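The values are calculated or read from the model by the stated rules, or taken from the named source; none is laboratory data. The shown structure was predicted, so the numbers you read here are calculated from the model rather than taken from an experiment. We place every Cβ from the backbone using ideal geometry, glycine too, and count neighbours over all the protein chains shown.
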Amino acid sequence: MRVGFIGLGIMGKPMTRNLIKAGHQLAVYDLHPELVNEMAAFGATQGESAKDVAARSQVIITMVPDGPEVEAAVLGPEGALQGAKPGSIIVDMSSISPLIARKVGSACAAKGIEFLDAPVSGGEPKAIDGTLAIMVGGKQEIFNRVLPLFQTLGSSATLTGPVGAGNVTKLANQIMVAVNIAGMAEALVLATKAGLDPEVVFNAVRGGLAGSAVLNAKAPMVLSRNFKPGFRIRLHQKDLRNALATAESMKVSLPFTSLAQQILIALMNTGDGDLDHAAIAKFIENMAKTEIQKPPV
């Protein structure tokens, strides 16, 4: 399949590599030419713009930071919609507001271009492994056509509803992840303050009802003080901001999401915005003046 890929950042670059490995012909574009050059050395064709990439492709994937970047990459004067041929498919795999996803989808439909919103969960490690969870909004028949690409990029791909539904599902995912990490941090700070070994506590609870993929992924990072970003705090804050704006438009109260977002903003203000979201623990530690660590011997 001829695939265009726009956005070669932390997530886009490994996703592009996996598509090339699977035998797809890729044309790529990013605002940073060095990233385009890097992927060209791996076998991709260099695009001059999002418009140029779209003109070469049957399916055009965008993977950029937020809604304004999606609008620029798709709807801008040099955007994908200017180069896409009728019947081609634009798949936005960024995490954005469902309202913007629907706006972009409507603009695509007006020009005879199909559109899916398909945000992902799993961060850089799962992008590298090709085991992302992909949440998709759009038509069933278009989902079926793109499914082989999704199966290369992820371990699961689920059609959750019409355009916009993928991003609603992603926001629900991000709420659960943020609140889960904050609860884990509070629990391990409490255990440490009480004189227990937090690693022992983690191993004791992980097989019970408190166990989760979030706990298994993030507790070891906190215990080893490894906050190398798989998913950055500033990006999670952006997702919760979009969740709260979407909820407000529907008059839905999200009190725990609001609190989690405030924690993330506080961490950004202390210079921790580019750390992994496991560093939510640092905020809880600071309030208790207790670092999650083994008790002194």
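Details
- LYS111 vs. criteria within 15 Å of the chain's Cα centre (by Cα) and basic (Lys, Arg): no
- Here LEU235 meets each of (1) modelled with pLDDT under 95; (2) over 18 Å from MET221 (Cβ atoms) with one exception, condition (2).
Yes or no, residue by residue, for (1) without any contact (Cβ under 8 Å) to a residue 12 or more places away in the chain; (2) out of contact with any helix residue (DSSP H, G or I) (no Cβ under 8 Å at 6 or more places or on another chain); (3) within 26 Å of PRO77 (Cα to Cα); (4) in the same structural domain as VAL74 (by TED's automatic domain parsing):
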position: GLY7; (1), (2), (3), (4): no, no, yes, yes
position: ILE10; (1), (2), (3), (4): no, no, yes, yes
position: LYS13; (1), (2), (3), (4): no, no, yes, yes
position: LEU19; (1), (2), (3), (4): no, no, no, yes
position: GLN25; (1), (2), (3), (4): no, yes, yes, yes
position: VAL28; (1), (2), (3), (4): no, no, yes, yes
position: LEU31; (1), (2), (3), (4): yes, yes, yes, yes
position: LEU35; (1), (2), (3), (4): no, no, yes, yes
position: ALA41; (1), (2), (3), (4): yes, yes, no, yes
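- The lone exception for ASN144 - which of (1) touching a residue at least 24 places away in the same chain (Cβ under 8 Å); (2) over 16 Å from ALA80 (Cβ atoms); (3) of a type outside the set (Lys, Arg) it fails: (1)
- Residue check for ASP52: assigned by TED's automatic domain parsing to the domain that holds VAL74, in contact with a Leu (Cβ under 6 Å, 6 or more places away or on another chain) and within 21 Å of GLU78 (Cα to Cα): no
- Subset of segment 1-37 (residues that are over 17 Å from LEU149 (Cβ atoms) and either aliphatic (A, V, I, L, M) or within 22 Å of the chain's Cα centre (by Cα) (or both)): GLY9, ILE10, TYR29, ASP30, LEU31, HIS32, LEU35, VAL36
- Segment 121-143, subset of a type in the set (Val, Ile, Thr) and outside any strand (DSSP E or B), residue nearest to GLN58 (Cα to Cα): ILE142
- Scanning segment 232-262 for residues that are of a type in the set (Ser, Thr, Tyr) and outside any loop (DSSP other than H, G, I, E, B) returns THR246, SER249, THR257, SER258.
- Considering segment 282-297, and only residues there that are of a type in the set (Val, Ile, Thr), touching a residue at least 40 places away in the same chain (Cβ under 8 Å) and in a loop (DSSP other than H, G, I, E, B), the residue that is surrounded by the most Cβ atoms within 10 Å (Cβ to Cβ) turns out to be ILE292.
- Residue in segment 263-281 that is surrounded by the most Cβ atoms within 10 Å (Cβ to Cβ), counting only those that are in a helix (DSSP H, G or I) and over 20 Å from the mean Cα position of the chain (by Cα): ALA281
- Residues located in segment 205-225, provided they are under 22 Å from THR290 (Cα atoms) and loosely packed, with under 13 Cβ neighbours inside 10 Å: ASN216, SER224
- Residue within segment 53-63 that is among the charged types (D, E, K, R) and farther than 21 Å from MET15 by Cβ present: no
- Contact map, segment 220-238: first residue over 16 Å from ILE10 (Cβ atoms), second residue surrounded by 18 or more Cβ atoms within 10 Å (Cβ to Cβ) and of a type in the set (Val, Ile, Thr), Cβ cut-off under 8 Å, separation 6 or more or different chains; pairs are VAL222/ILE292; LEU223/ILE292.
- Some residue of segment 182-194 being in contact (Cβ under 8 Å) with a residue 40 or more places away in the chain and under 29 Å from ILE100 (Cβ atoms): yes
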